[in-house]
1. Consider a paramagnetic label point 7 Å from the Cα of GLU26 along Cα→Cβ; state which residues of the range 122-137 have an amide N under 15 Å from it.
2. Under a Cβ-Cβ cut-off of 13 Å, what is the net charge of the residues other than LYS327 that fall near it, where Lys and Arg count +1 and Asp and Glu count -1?
3. Output the pairs from LYS208/LYS308; LYS247/LYS336; LYS37/LYS257; LYS153/LYS311 with a Cα-Cα distance over 26 Å in this structure; if there are none, say none.
4. Under 20 Å from the Cα of LYS327, which aspartates and glutamates turn up, not counting those fewer than eight places away in the same chain?
5. Along the range 167-184, what does the Karplus equation 6.51 cos²θ - 1.76 cosθ + 1.60 (θ = phi - 60°) give for ³J(HN,Hα), rounded to whole Hz, x for Gly and Pro?
6. Starting from the Cα of LYS139, draw a straight line to each of the aspartates and glutamates and keep only those under 14 Å, dropping any in the same chain fewer than 8 residues away.
7. What FRET efficiency would be calculated for the residue pair GLU48, ASN177, taking the C-beta separation as r and a Förster radius of 51 Å, to the nearest 0.05?
8. Tell me, what is the FRET efficiency for LYS139 and HIS328 to the nearest 0.05, using R0 = 45 angstrom and their Cβ-Cβ distance as r?
Amino acid sequence: MEIFLDKDFVKEFPKGISTFDKELTEDYFRFLRRLRKIRIKTNLTWDEFEHELRRNENIILENIINLNPQEFVFNAHLDLSIDPTREISAFSLLFAEDEDAVSYYNGWGFECICSRNFNNKWSIYSGSRPDRCMKVTNKSDIPDIIHFTSYNKIRNFRHPIHALIIFDLYILGDKDNQRMRDNLFPLLKNLLILPSKNQTIDLMIITKFNEFIPEDIKEKYDQINNFLNETFDDVRIHLSLIEYSKKHKPYDDASLKARRIYTNYLLVKSDDSFTYFRPGGKINNTTDIEFNFVFYSLNPEFVMSELKSIKSYVDKVPAKVPYAPNKHRVLFYPDKRNRLLSEFG
């Protein structure tokens, strides 16, 4: 995971601090102080870093000076000619003032925050936002802000995305595709609300398939891919389906957890399958859904541990069932590609 701090942002942010939302600003400084397992890059030189810290009492640098990140890199730079999905970490968060940089990296599915958009952008990731954990329930006495009544609520967390993984054992597990129509499709429609024409989004779904229907995984792939093409006609989405089964699970790993959605900025956790709704919006089960910023505090360690376990599992899933009675049934389709797993080789 990497954070890029542009020198202009470092210098300009303190000047506009009186115009920023106070609660968001305090949360941002808490975020900086609690950074762990993050590589911090900046185009500041060491001399400029010391100058800003000593003479200007720069409040951003004051909050990170005592950190011990994996690596602190000076004299780095933002390149507006590269394909960021290939050249930088899949988990990269940028702070820069240049409008071209903000537009360029946002367009490739990376978050670039400047002093002009700080209030709007940081409100998405703030650890103090009240709707970070919501309740899925039929009860009507729940405050609206924490009542997850439909997947439209996910729009409040919309952010640049270049890759996501959905790990849910049951989201495709019914014969009439109701779970897909009433849950997976609206989930994706509201989550992938900011894609750019410039990028290809990697979407991986790890789930169970019907072992008695040899073509089930390919049929589900076609149905999901058709929905994606019809819904996001200007955006390329690369879909990969991976079967989950204990039969080819390599080991019992506590970090391999279902009921998760991973993006390059959020970890979405659920106490139950993401099959919350039946036709007409009726609730299946009372449960909680929680949104966590992957860069915040201890989250990088948890997220990287879980994704490393997913990578180990995905790598060991064979192309086809090697045993009877359904020998040669496909277990992933069409491939295992996802940028979020590229961090692990």
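Quick note: the coordinates plus some simple rules give every number you see, no bench work behind them. The structure displayed is predicted, hence computed values, not measured ones. Cβ: placed from backbone, ideal geometry, glycine included. Neighbour counts: every protein chain shown.
1. 126-130
2. Here the count lands on +2.
3. From the list (LYS208/LYS308; LYS247/LYS336; LYS37/LYS257; LYS153/LYS311), the Cα-Cα distance tops 26 Å for LYS153/LYS311.
4. Cross-link targets: GLU211, GLU215, ASP216, GLU219, GLU243, ASP315, ASP335.
5. The phi angles translate into 10, 8, 6, 10, 5, 10, x, 9, 6, 9, 6, 5, 5, 5, 5, 9, 10, 4 Hz.
6. ASP288
7. 0.35
8. Here the calculated transfer efficiency is 0.40.
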